[in-house]
Amino acid sequence: MEDSEQIKILQQLIQINSVNGNEAEVATYIQKLFAAHGIAAKQIPYADGRSNLVAEIGDSTSDKVFSLSGHLDTVATGDPEDWKFDPFSAHIEGRRLYGRGAADMKSGLAAMVITFLTLADQQTRLNGRLRFIGTVGEENGAMGSRMLTEQGLADDLSAMVIGEPTGGNIVYAHNGSLNYHVYSQGLGAHSSMPEKGINAVTNLAKFITAEATAFDDAPVSPELGPLVHSVTVFNGGEQVNSIPAKAELQGNIRPIPEFDNAAVIQRLNEVVDHLNQEKDEHLTLHVDYSFKPIISRQDSPLVQLTKKIADQEFGRDTQLQVIHGATDASEFTKSTNDFPVIVYGAGEWNEAHATNEYVDLDQFLHVQHVYQQLAQEFLA
């Protein structure tokens, strides 16, 4: 496939607005591309207008299964007026392609799709199965990968690559991510008589103070560093002269293997339970979603094979890195099946979610070559 054809596929993917939804249109576009090259693909609906996509090529009788996986959604654009170019125009300036999802992660998605198309067109013999997995909702809860894992789609995997933006370097480990709410129930009253009410805002502020030091004893991961935690959203009160009856906050924590999601949830519960022992304190914790941390061995065959191929393709020493974000890998690896997973893709990590998000087109083409050779050599 010519470079111009590959870039056109990437542009068309970005031109489909799949901000926190509408993944079915992306899935249909890819499904039609696959069909035109003789590849059968199945949409697995999650909700109206939202579908995962799964396809497979290679030896259907083999127990060896290698997966290339990416999410079909993107985050919101923010104010389009802040963008240099329309975020859904997929505008090319020099060797950069701009648009929402250019880095995160329609460039990785396009490169994976092109790998399947090319291998099918060339009738490449694969001693195993190559599975494409496109997921919904990674940017807002990873419900697609969770659903597919529960359906057993990861139970036979030998290895997986997640195509998030890594600048062509290999991410072998990443933090988990845990989002939570804390709700504070008070009692409304006129602000001239605060003793008649229970101030939900004041009570919730006590949680913020306690949370700031709640994880001081958490160990530091030699791979991922310290556990990171923040209260990020706070809402309370309706009128300045009324004692607020309700308040709520949201927090985000990045667990590490040494202080994992279960330990984090236990600690949050301990903080809430301790505060609720105070008079008129009524806090409730709700965990919204919980991604576990991921670590694959640096010396694993998957990591080393990818590095060998990428070193040769880029003509440089590919770095082995960690990131502090989370990916669909956190859900897929909840399967009872134990398999290595890496994150590897085009686009820079710091371009994810950014205004004027872009991907370097030369990097995109190189990463596609890496995917293709990796699939061939892993399934040789």
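The values are calculated or read from the model by the stated rules, or taken from the named source; none is laboratory data. Note that this is a predicted model, so its numbers are computed, not measured. Neighbour counts run over all protein chains shown; Cβ positions are idealised from the backbone, glycine included. Please note that ligands, DNA and RNA were not included when accessible areas were found on the heavy atoms of the full protein model with its side chains. Shrake-Rupley method; radii C 1.70, N 1.55, O 1.52, S 1.80 Å.
A few comments on the model shown:
- Sparse packing (at most 16 other Cβ atoms within 10 Å of the Cβ) combined with a DSSP loop state is found for the following trypsin sites (Lys or Arg not before Pro) in the stretch 4-94: 84.
- Largest to smallest accessible area among 156, 63, 216 [probe 1.4 Å]: 63, 216, 156
- The accessible surface of the chain, taken with every protein chain in place and a 1.4 Å probe, is 47 percent carbon and sulfur.
- Relative contact order computed over the stretch 82-158 (Cα-Cα under 8 Å; 6+ residues apart), in percent: 13 percent
- Formal net charge of residues neighbouring residue 139 (Cβ-Cβ distance under 9 Å; K, R +1; D, E -1): -3
- Dipole of the chain [Lys/Arg +1, Asp/Glu -1 at C-beta], most positive-end residue of 45, 247, 137: 45
- Most fluctuating residue given options 190, 353, 286, as computed from a GNM of the chain linking Cα atoms under 10 Å: 190
- Within the listed set 69, 192, 89, the residue fluctuating most in the Gaussian network model of the chain (springs between alpha-carbon atoms under 10 angstrom) is 192.
- Residue 150 paired with residue 282, simple spin-label distance in nm, labels 7 Å along Cα-to-beta-carbon: 3.1 nm
- Shape call, the stretch 306-380: gyration tensor on alpha carbons, a/c limit 1.5: oblate
- The chain: most fluctuating residue of 358, 172, 289 per GNM, C-alpha cutoff 10 Å: 289
- Counting only alpha carbon atoms, the long axis of helix 200-211 and the longest principal axis of the chain meet at about 60°.
- Relative contact order of the chain, pairs being alpha-carbon contacts under 8 Å that are 6 or more residues apart, as %: 25 percent
- Three-way shape call for the stretch 1-64 based on the alpha-carbon gyration tensor, with the a/c threshold at 1.5: oblate
- Computed from label points 7 Å out along Cα-Cβ, the spacing between residue 258 and residue 191 is 4.7 nm.
- Rounded if a/c under 1.5, otherwise prolate or oblate - the stretch 65-169, Cα gyration tensor axes: oblate
- Residues in the stretch 1-45 that a label on residue 122 would reach, taking backbone N under 14 Å of a point 7 Å out along Cα→Cβ: 1-3
- Close amide H pairs (under 5 Å, H built 1.01 Å from N) link residue 91 with 98, residues at least 5 positions away or on another chain.
- Put the Cα centre of the stretch 275-339 next to the Cα centre of the stretch 63-77 and the gap is 15 Å.
- Per DSSP, loop trypsin sites (Lys or Arg not before Pro) in the stretch 277-315 with at most 15 further Cβ within 10 Å: 279, 297
- 0 to 90° range, to nearest 10: angle between helix 301-314 axis and the chain longest Cα axis: 70 degrees
- Set of lysines with alpha-carbon distance to residue 246 below 26 Å, sequence-local pairs under 8 removed: 196, 206, 279
- Here the stretch 131-148 and the stretch 199-274 have alpha carbon centers that stand 27 Å from each other.
- Across the stretch 181-310, Cα-Cα distances exceeding 27 Å account for 36% of all pairs.
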